[in-house]
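**Q** Let me begin by handing over the structure; questions about it come next.
The values are calculated or read from the model by the stated rules, or taken from the named source; none is laboratory data. These figures come from a predicted structure and were not determined experimentally. Neighbour counts are summed over all protein chains in view; Cβ atoms, including those assigned to glycine, are modelled from backbone coordinates with ideal geometry.
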Amino acid sequence: MKIAFVYTEVFPFAKTGGLADVAGSLPKKIANMGCEVKVFMPRYNIIDEEKYHLKYYLEVGEIVVTVNGFKRFVQVYKAKLPASETEVYFVDCPHYFFRGQIYTNDPDEDERFILFSKGVIEILRRLMWAPDIIHCNDWQTALIPLYIKENHNNDEFFKKTGFLFTIHNIGYQGIFSKKTLLYAGIDEKLFYPGGPVELYGNFNFMKAGIMYSDIITTVSPTYAREILTPEYGAGLENVLKTRENDFFGILNGVDYSTWDPSNDKLIPFRYTPEYLSGKIKNKKFLLEHIKLEFDKEIPLIAVISRLVSQKGFDIVADVITQLMNINAQWVIIGSGENKYEQMFNNIFQKFRDRVTVHIGYNNELAHLTEAAADIFLMPSLYEPCGLNQIYSLKYGTVPVVRKTGGLNDTVEDWHASKAAGLETGTGFSFEEYSGFALVKCLIRATDTFKDKPTWEKIQRNGMHKEYTWKNAARIYLDLYHKLRPETI
């Protein structure tokens with residue numbers, strides 16, 4: 001079976017969040033299951049081409065793609081996903097992708113991914129490689145099924161191709177005005193109230209992906225249920241309900257070859273559930289590095305996140321004083337909305353003896369912080385899947401989360417499990433989206449931290465959990481075969 005994966009970011013080449021981690025892992029797992037796999041992404045100028053051995057792919061040559069009436073020249077570069085034979089094809093158009101970042105607020109953001117989508121289709125044709133499945137991801141790739149079913153509907157090359165579309169975050173939909181239809185080369189007959197590309201008077205890329213794909217998935221079972229409701233559906237809940245029989249929630253896996261404290265090359269002291277003393281050594285090492293006093297009786301709370309409201313930082317802001325009154329130390333890593341960056345910088349200035357803040361992302365620091373921290377805080381308004389709480393479980397860093405999306409699917413509240421007589425809990429969770437509920441839950445965690453035998457029980461419960469790609473990849477493969485049963 002031939003599977004084409006189309007992403008806008010792929011780890012380790014370019015990353016802003018969890019999508020890149022998925023893109024760097026799932027295709028390899030599917031390839032290992034016997035499929036022929038190719039991955040497609042833009043060639044950004046932020047990619048370290050020498051490090052990752054990108055090479056110009058002469059066999060494809062130069063492709064002309066028309067966007068907004070202009071002919072743009074597209075070339076192709078090629079590399080392999082690390083530790084695999086999985087090929088990655090980079091769609092090269094400096095006019096659109098040499099911006100110093102993956103996503104922009106530039107007025108031609110629609111054009112950038114129109115070109116990418118058209119470019120992928122033309123590259124497939126040049127390669128003479130007709131996929132059985134094209135697996136698209138988020139709004140930036142959502143036009144590919146439409147283009148092939150509408151603009152290439154008489155093309156025998158794609159006659160047997162099926163389409164799977166994954167929603168990683170329904171909050172980002174690719175919403176543009178009607179004139180983008182013209183830029184995209186899409187027939188205006190598709191744009192009418194309630195039509196396949198129209199939503200609330202705008203051209204909605206994600207709606208197009210939902211309507212033209214054969215199967216739609218999202219990244220956790222709870223999030224799949226949530227986005228069918230007005231509270232979480234971001235206006236697309238009724239559209240999704242029309243495809244409910246073709247809609248599945250599949251929990252993301254993680255790559256434990258990268259995130260496992262027993263073999264993590266980015267931490268000074270490795271450890272296992274049976275040998276937790278290495279975690280204490282990492283905590284001491286990190287605190288010395290960031291010039292905070294080490295005290296094994298004081299919990300270290302970590303935040304590694306985009307600093308945006310979706311991640312719960314509005315309710316953090318509501319109770320920041322109460323949070324600082326908790327007897328704990330803090331490591332905050334992330335960037336995002338200016339008001340939250342400023343909030344944490346102000347906290348750092350005021351509480352230098354127990355808070356450190358790193359605005360931006362540093363992979364080595366993120367690994368060290370996971371290994372050193374006692375508690376990981378994720379108070380998200382919504383969280384489609386979330387990966388950091390899964391990393392935290394493996395590192396014995398007890399998650400404190402809001403019960404939403406993938407956080408609900410992966411973190412079991414300790415006190416709830418204890419009340420049921422099970423003692424299988426792996427963290428602490430709260431349901432009400434409020435600063436009060438957050439503080440109350442975090443205090444439950446820090447109070448439990450004082451009971452070392454119980455705390456180690458919670459840590460080990462989490463460390464023994466396995467959220468690999470094996471199960472998720474098997475479900476995806478079953479869905480691919482559902483679309484192309486003759487390939488079984």
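**Q** Regarding residue 100, is this residue in a loop (DSSP other than H, G, I, E, B) and either of a type in the set (S, T, N, Q) or assigned by TED's automatic domain parsing to the domain that holds residue 204 (or both)?
**A** Taking the combined requirement at face value, the residue satisfies it.
**Q** Additional query: Return yes or no: is residue 276 in contact (Cβ under 8 Å) with a residue 12 or more places away in the chain and in contact with a Cys (Cβ under 7 Å, 6 or more places away or on another chain)?
**A** no
**Q** Next up: Looking only at strands (runs of 3 or more DSSP E) that lie completely in the stretch 170-250, which have at least 1 residues being in contact with a Gly (Cβ under 6 Å, 6 or more places away or on another chain) and either aliphatic (A, V, I, L, M) or at pLDDT 95 or above (or both)?
**A** Once the strands (runs of 3 or more DSSP E) in the stretch 170-250 are filtered for at least 1 residues that are in contact with a Gly (Cβ under 6 Å, 6 or more places away or on another chain) and either aliphatic (A, V, I, L, M) or at pLDDT 95 or above (or both), what remains is 215-218.
**Q** Just to be sure I understand the filter: pairs with C-beta atoms under 6 Å, separated by 6 or more residues or on different chains, first member in the stretch 466-483 and of a type outside the set (A, V, I, L, M, F, W, C), second member not in a helix (DSSP H, G or I). Which pairs pass?
**A** Taking only residues 6 or more apart or on different chains, the pairs are 467/253; 467/254; 468/253; 480/133; 481/488.
**Q** For the stretch 71-100, which positions are hydrophobic (A, V, I, L, M, F, W, C) and either modelled with pLDDT of 95 or more or surrounded by 13 or more Cβ atoms within 10 Å (Cβ to Cβ) (or both)?
**A** Result: 73, 74, 76, 79, 81, 88, 90, 91, 93, 97, 98.
**Q** Same structure again: As an exercise: evaluate residue 180 against (1) under 30 Å from residue 380 (Cβ atoms); (2) surrounded by 16 or more Cβ atoms within 10 Å (Cβ to Cβ) and give the number of the one condition it does not meet.
**A** (1)
**Q** Moving on. Is it the case that residue 197 is touching a residue at least 24 places away in the same chain (Cβ under 8 Å), more than 28 Å from residue 227 (Cα to Cα) and among the β-branched types (Val, Ile, Thr)?
**A** Spelling it out, it is not the case that residue 197 is touching a residue at least 24 places away in the same chain (Cβ under 8 Å), more than 28 Å from residue 227 (Cα to Cα) and among the β-branched types (Val, Ile, Thr).
**Q** Looking at the structure I just gave you, is residue 219 buried (at least 18 other Cβ atoms within 10 Å of the Cβ) and free of Cβ contacts under 8 Å to residues at least 60 places away in the same chain?
**A** no
**Q** If we scan the stretch 425-442, do we find a residue that is under 22 Å from residue 217 (Cα atoms), of a type in the set (A, V, I, L, M, F, W, C) and touching a His at 6+ places or on another chain (Cβ under 9 Å)?
**A** Within the stretch 425-442, none of the residues are under 22 Å from residue 217 (Cα atoms), of a type in the set (A, V, I, L, M, F, W, C) and touching a His at 6+ places or on another chain (Cβ under 9 Å).
**Q** With the requirement that a residue be of a type outside the set (S, T, N, Q) and in contact with a Leu (Cβ under 6 Å, 6 or more places away or on another chain), what does the stretch 94-126 give you?
**A** Residue satisfying the conditions is 96 alone.
**Q** Step by step: first the residues of the stretch 438-453, then only those that are free of Cβ contacts under 8 Å to residues at least 24 places away in the same chain and part of a helix (DSSP H, G or I), then the one that is surrounded by the most Cβ atoms within 10 Å (Cβ to Cβ). Which residue is that?
**A** Only one residue fits best here, namely 440.
**Q** Going by the conditions given, is residue 147 among the hydroxyl-bearing types (Ser, Thr, Tyr) and in contact with a Lys or Arg (Cβ under 6 Å, 6 or more places away or on another chain)?
**A** No: the conditions fail for residue 147.
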